[in-house]
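Colleague: Sharing a structure below in structure tokens format, with a few things to ask.
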Amino acid sequence: MRLVRHPVLCNYYLTYRCNARCSFCDIWERPSPYAHREAVFQNLKDARRLGVDIVDFTGGEPLLHRELPDFLEYAQTLGLITTVTTNALLYPKYAEALKGKIDMLHFSLDAADAESHDSIRGVRCFEHVMRSIEVALALGERPDILFTATNHNLHHIQRIWENICLPNRLVLIINPVFHYNEVGEALTPESLNILRQWARKPWVYLNEAFLKLRADGGNDIRKPVCRAGSSTLVISPQNELVVPCYHLSAARFPIKNNLFELYHSAQVQKWIRQEGRLSGCEGCAINCYMQPSFAVEMNTYWWLALRSTLKYNYMKGTWRRYLYQKIKARKA
């Protein structure tokens, strides 16, 4: 049963450029401009009008965009919940400017020691993550530690949880590595079993629907669970609406200051109706599109995701921020 029929999330790619070279990601290989200020402001306004609640400023590395603090502040004035994931290389430099403007701040950390983490990320950044945690805590921020789980780094979870998250009361977000269209690494049944055990630990957020989806073989184009096109707006640094998602990029439409009208146009809606049904959608298990998909349609995945989401909101107090933003937006 479909519960919500409008987009709830905007994945806003400020640039595809990145100062890391992660082994499980190829976005840094793409040439890219930076999103323009005027376009970002207009698109955020239209996204809110379309019903979006959360904007994820992403990349590439979003902190490479020097106007990110302005974008975050404007998004919050519109009543949007803001989220940013960073490799933390630049966070200490911009921490003061970002303070209070990111509702869900994530620092990527994929191993418990510098050698292993830096090997995965392709650059020396472990010490920057450690320093960023110190800086954030000193500013009163509570960053989440985002761990991308593969078949090869699960043994690092215990040390990160015990040495970093529990002492500082920081949420450890465990995200299974992306797997789509024969790209990425499929987690083994053994790895999925290990992750199921971690999903119930205190100060750990692991969306159990992600695990079931992988155990089920990912998205089935004959009976799709993916609702990426209708639940998520994807905006490129070139100011394009990308459908049905960034990774498939079946079609791109120049926005030209008319995101609201463009989204409702026949040409865009044609692609949205095919969400989860295109050949490239078979077996897909991409977290950033499945999470909003689980939120808009009631099914087995919805119930599993709800349990995990309520746990995260309780640990973080995000529900208070959500209500505050809603009230603030209505008054504006």
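Coordinate-derived values only; no laboratory data. Please read all numbers here as calculations on a predicted model, not as lab measurements. FYI the Cβ positions are ideal-geometry reconstructions off the backbone, even for glycines, and counts take in every protein chain you see.
Colleague: For the chain, give the share of DSSP beta bridges that are antiparallel, in percent and rounded to the nearest 5; count only bridges with both residues there.
Modeller: Around 25 percent of the beta bridges assigned by DSSP in the chain are antiparallel ones.
Colleague: Further, regarding this structure: Using θ = phi - 60° and the Karplus relation 6.51 cos²θ - 1.76 cosθ + 1.60, list the HN-Hα couplings for the range 217-229 in order, rounded to whole Hz, with x at every Gly or Pro.
Modeller: Listing the rounded values in order: x, x, 4, 10, 5, 7, 9, x, 9, 5, 10, 4, x Hz.
Colleague: Related question: Can you tell me how the range 122-213 classifies by the Cα gyration tensor, rounded, prolate or oblate, using a/c under 1.5 as the rounded cut?
Modeller: prolate
Colleague: Something else now. Note down the Stokes-Einstein diffusion coefficient of the range 191-241 in µm²/s, whole number, using a Kirkwood radius over alpha carbon pairs, 25 °C, and 0.890 mPa s.
Modeller: Here the translational diffusion coefficient equals 181 µm²/s.
Colleague: Whose amide H sits under 5 Å from the amide H of A149, counting only residues 5 or more places off or on another chain, with H placed in the peptide plane?
Modeller: Those qualifying (amide H under 5 Å, at least 5 residues apart or on another chain) are N175, V177.
Colleague: Continuing with this model, one more query. Could you tell me how far the Cα centroid of the range 119-145 sits from the Cα centroid of the range 168-221, in Å?
Modeller: Each part reduced to its Cα centre gives a spacing of 23 Å.
Colleague: Here's another thing I want to ask about it. If you average 1/r across every pair of different Cα atoms in the range 171-283 and take the reciprocal, what Kirkwood value do you get, in Å?
Modeller: 15.7
Colleague: When the helices in the chain are scored as -39500 (n - 2.57) per DSSP H run of 4 or longer and the sum is shared across all residues, what 222 nm value do you end up with, to the nearest 500 deg cm²/dmol?
Modeller: -11500 deg cm²/dmol
Colleague: Taking square-rooted eigenvalues a ≥ b ≥ c of the alpha carbon gyration tensor, is the range 79-138 rounded, prolate or oblate, where a/c under 1.5 means rounded and, failing that, a/b exceeding b/c means prolate?
Modeller: Prolate, since a/c reaches 1.5 and a/b exceeds b/c.
Colleague: Continuing with the same structure: Can you give the convex hull volume of the alpha carbon atoms of the range 41-184 per residue, in Å³?
Modeller: Output value, Cα hull per residue: 124 Å³.
Colleague: When the gyration tensor of the chain is built from Cα positions, what are the square roots of 5 times its three eigenvalues, in whole Å, from largest to smallest?
Modeller: Taking √(5λ) for each eigenvalue gives 28, 24, 20 Å, largest first.
Colleague: Summing +1 for each Lys or Arg and -1 for each Asp or Glu, what net charge is found among the other residues whose Cβ lies under 12 Å from the Cβ of N299?
Modeller: Surrounding charge for N299 is +2.
Colleague: Based on the alpha carbons, how large is the Rg to Rh ratio for the range 254-299 when Rh follows Kirkwood?
Modeller: 1.04
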